[in-house]
Amino acid sequence: QLVYPYDFRLTEKEKTSICYLSFPDSYSGGLGDTQFSFRLRQSGGQRSAHYEDDGEYNREAPLTLQRESAHYFGYVYFRQVKDSSMKRGYFQKSLVLVSRLPYVNLFQSLLQLIAPEYFDKLEPCLEAVCNEIDQWPPPVPGQTLNLPVMGVVIQVRIPSRVDKPGSSPVKQFNQENLLPAPLVLPSIHELDLFRCFQPVLIHIQMLWELMLLGEPIVIMAPSPTVSSEMVLALTSCLAPLRYCCDYRPYFTIHDSEFKEYTTRTQAPPNIVVGVTNPFFIKTLQHWPHILRVGELRMSGDLPKQVKVKKLAKLKTLDTKPGIYTSYKTFLHKDKTLIKRLLKGIQRKRPSEVQSALLRRHLLELTQSFIIPLEHYIASLMPLQRAITPWKNPPQIRPFRQEDFMKTLEHAGPQLTCVLKGDWLGLYRRFFKSPNFDGWYRQRHKEMTQKLEALHLEAICEANIVAWMKDKSEVEIVDLVLKLREKLVRARCQHLPVKEETLQRVGLYIETIIGSLPEDLQAVLHHP
């Protein structure tokens, strides 16, 4: 019906997809308001980024909170109420916020403020809200922001890459005597993991492994809310490791990728997809892992836990909750976690405390798995003394899986994790997954940039005049061009180099040019 701001350009394909993803696609008898989210592949090539500081934000934000370049997130507030004046007897409408940022808590809280007003007052309300949002500062990792909207101030801290993993957000923010008192969001993106994982707590180990290995998983849920929360909870359970596969918190039969995901001529893609339409039980029954969940209800005791069942038991019409898979876990179950969560239920511990326990457990599991890999890849970096000013920096040594496996005997996950099992088998399988590829590329890029930075520092420390003594003009001009290229690259890629180092290299270039004959100086000053 309406896109606001008006100048926001969406392709027709994107508009159609957003329309279908904004409504529950299976019969929902529930009246009232529901909220859920989706993720949508951008169609029609890269558009210019709305923000100029995209690169800067992505460098400082945790990998899991970077701004997406090829996908949009949609945050939906859907209202369904009886209304006899409507042809169908119901008022059904959705307000959708579209962003490239995965700030699910912030945007859903924002919709809770805006949507009820919008349904009441329509377009003028959106115009007023957008004018306020236009005044918000850009998200800067590490900063706490006060965001005024509709007479309320939302206060949030934007996480930063240098935050210690697992540290809880600062509880008391700087209140600055704000009146009215701000609406403080403890986290911009973290879900209530305990509530999301309720029916599968005893299988958390298996689900963590499936996510780590980038396996294709279908979540079949009774509503888009349950489906999107479960998918987002799963993708977050590898933090601080980034989940590098595709994921769709909510997916409908009208989606443009429907054929791609349901075809049986090739293996299912590496993706976690959340669905609600029972039709998918039939079209996706060839997928290797299907998790069927019911409505999430918070109750006083451990909710009924789903069972692991054989895929052959997947009935087309009446599928009971369960994990339908033939997957055998590499690691043994952690019984202590379940005991601690059970004790928390008996003691009526708040859900956020239980979630913190769960998140801590998953974080320690991921760190135990990833630390040996981090140690090994750090050993592939050339020694600092091998970096000399007048030669190209040495290469990073190649990652050899067998060499890595040999290191596990003395420095494996068993040092930090009590879980027994086939860790070696898990690593071998991980090497074949998109998550390993994504992790390795990221680390290799960071190490290459570090080498480049160390090389620039070595050049700064060198005696350039002594080097020039016995060099020909051709060699000197060649050095000027190379140093210039290095400077440009350092600034474009924002290498981890001190500003004074870059300035000194700039002065070196001027000194070298000054020592050359005037005709060459003129050419080098105005190439």
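Using a/c under 1.5 as the rounded threshold, could you call segment 201-334 rounded, prolate or oblate? The axes a ≥ b ≥ c are square roots of the C-alpha gyration tensor eigenvalues, and prolate needs a/b larger than b/c, oblate otherwise. Show your work: numbers first, answer last.
On the way: a/c = 1.35, a/b = 1.17, b/c = 1.15.
Rounded.
Using the Cα centre of the chain as origin and beta-carbon charges of +1 (Lys, Arg) and -1 (Asp, Glu), tell me which of 110, 10, 130 is placed farthest towards the positive end of the dipole.
The one lying farthest along the dipole's positive direction is 110.
Treat each spin label as a single point 7 Å out from the Cα along the C-beta direction, and report the residue 15 to residue 313 distance in nm.
Rounded to a tenth, the inter-label distance reads 4.8 nm.
Roughly how big is the chain's charge dipole about its Cα centre, with Cβ charges of +1 (Lys, Arg) and -1 (Asp, Glu), in debye to the nearest 20? Don't skip to the end; give the middle numbers.
Details: 67 positive and 55 negative charges, 613 e Å.
It works out to roughly 2940 debye.
With a Förster radius of 56 Å, plug the Cβ-Cβ distance of residue 432 and residue 522 into 1/(1 + (r/R0)^6) and report the FRET value to the nearest 0.05. Spell out each step's value before the answer.
On the way: r = 57 Å, r/R0 = 1.02.
About 0.45, to the nearest 0.05.
For a Förster distance of 51 Å, can you work out the FRET efficiency between the beta-carbons of residue 277 and residue 488, rounded to the nearest 0.05?
On the way: r = 52 Å, r/R0 = 1.03.
After rounding to 0.05, the efficiency reads 0.45.
Given Cβ point charges of +1 (Lys, Arg) and -1 (Asp, Glu) and nothing else, what value in debye, to the nearest 20, does the dipole of segment 193-436 about its Cα centre take?
Numbers: 35 positive and 18 negative charges, 150 e Å.
Dipole magnitude for segment 193-436 comes out near 720 debye.
Could you check the spin-label model distance between residue 258 and residue 507? Points 7 Å from the Cα along Cα→Cβ, value in nm.
Those two pseudo-labels are separated by 6.7 nm.
Relative contact order (percent) for segment 12-138, with alpha-carbon contacts under 8 angstrom and 6 or more residues of separation? List each step's numbers first, then the result.
On the way: 141 pairs, mean separation 29.2, N = 127.
Taking the mean separation of contacting Cα pairs over the length of segment 12-138, I get 23 percent.
Tell me which label goes with the value of semi-axes √(5λ) of the Cα gyration tensor in Å computed from the coordinates here: (1) 46, 28, 21; (2) 31, 29, 24; (3) 47, 32, 23.
(3)
Taking all protein chains in place and a 1.4 Å probe, what share, in percent, of the accessible surface of segment 193-436 do carbon and sulfur account for? All intermediate terms of the calculation are to be shown ahead of the outcome.
On the way: 6550 of 11790 Å².
Within segment 193-436, the accessible surface is 56 percent carbon and sulfur.
Summing -39500 (n - 2.57) over the DSSP H runs of n ≥ 4 in the chain and dividing by its residue number, what mean residue ellipticity at 222 nm do you reach, to the nearest 500 deg cm²/dmol? Walk me through the numbers on the way to the answer.
Details: 18 runs with 219 residues, N = 527.
Rounded to the nearest 500, it is -13000 deg cm²/dmol.
May I ask you to compute the full-extension gain from residue 286 to residue 143, defined as 0.36 nm times their residue separation minus their alpha-carbon distance, rounded to one decimal in nm? All intermediate terms of the calculation are to be shown ahead of the outcome.
Working: separation 143, 0.36 × 143 = 51.48 nm, distance 4.62 nm.
Contour length minus the Cα-Cα distance gives 46.9 nm.
Round to the nearest 10 and give me the degree value, 0 to 90, for the angle of helix 12-21's Cα axis relative to the longest principal axis of the chain.
Long axis of 12-21 versus the principal axis of the chain: about 50 degrees.
By how many nm would the segment from residue 119 to residue 407 grow when fully extended, if each residue of separation counts as 0.36 nm and the alpha-carbon distance is taken off? Let's see the in-between values first.
Numbers: separation 288, 0.36 × 288 = 103.68 nm, distance 6.07 nm.
Residue separation times 0.36 nm, minus the Cα-Cα distance, leaves 97.6 nm.
Please compare each pair in 335/420; 259/328; 339/420 to a cut-off of 22 Å on the Cα-Cα distance and tell me which ones are over it.
Details: 335/420 12 Å; 259/328 29 Å; 339/420 18 Å.
Correct reply: 259/328.
Where does each of 508, 261 land when they are ordered by accessible area, with a 1.4 Å probe and the largest first? Let's see the in-between values first.
Numbers: 508 35, 261 5 Å².
Reading off the accessible areas and sorting them downward yields 508, 261.
Relative to the present Cα-Cα distance, how much length would full extension add between residue 440 and residue 422 at 0.36 nm per residue of separation?
Numbers: separation 18, 0.36 × 18 = 6.48 nm, distance 2.22 nm.
Gain on stretching residue 440 to residue 422: 4.3 nm.
Give the accessible surface of the chain per residue, rounded to a whole number of Å², with probe radius 1.4 Å and ligands, DNA and RNA excluded.
On a per-residue basis, the chain sits at 53 Å².
Quick one: what are the phi-derived ³J(HN,Hα) couplings along segment 440-457, Karplus 6.51/-1.76/1.60 with θ = phi - 60°, whole Hz, x for glycine and proline?
These are the phi-based 3J(HN,Hα) values: 5, 4, 4, 5, 4, 5, 5, 5, 4, 5, 5, 4, 4, 5, 5, 5, 4, 5 Hz.
Quick check: Cα centre of segment 188-230 to Cα centre of segment 341-398, how many Å?
Here the answer is 22 Å between Cα centres.
From the phi of every residue in segment 346-362, what ³J(HN,Hα) in whole Hz does the Karplus formula 6.51 cos²θ - 1.76 cosθ + 1.60 yield, where θ is phi - 60° and glycine or proline is x?
Per residue, the Karplus-derived 3J(HN,Hα) values read 4, 8, 6, 5, x, 4, 5, 6, 4, 4, 5, 4, 5, 5, 4, 4, 5 Hz.
What distance in nm lies between label points placed 7 Å from Cα along the C-beta direction at residue 463 and residue 56?
4.1 nm
Evaluate the charge dipole of segment 463-526 about its Cα centre and quote only its size in Debye, nearest 20, assuming +1 on the Cβ of each Lys and Arg and -1 on the Cβ of each Asp and Glu. Please report the intermediate quantities before stating the final value.
Details: 9 positive and 10 negative charges, 78 e Å.
With Lys and Arg at +1 and Asp and Glu at -1, about 380 debye.
The values are calculated or read from the model by the stated rules, or taken from the named source; none is laboratory data. Given the structure is predicted, the values throughout are model-derived calculations rather than measurements. As a convention, Cβ positions derive from the backbone with ideal geometry for all residues, glycine included, and neighbour counts pool all protein chains shown. Note: areas computed on protein heavy atoms with side chains; ligands, DNA, RNA excluded. Shrake-Rupley method; radii C 1.70, N 1.55, O 1.52, S 1.80 Å.
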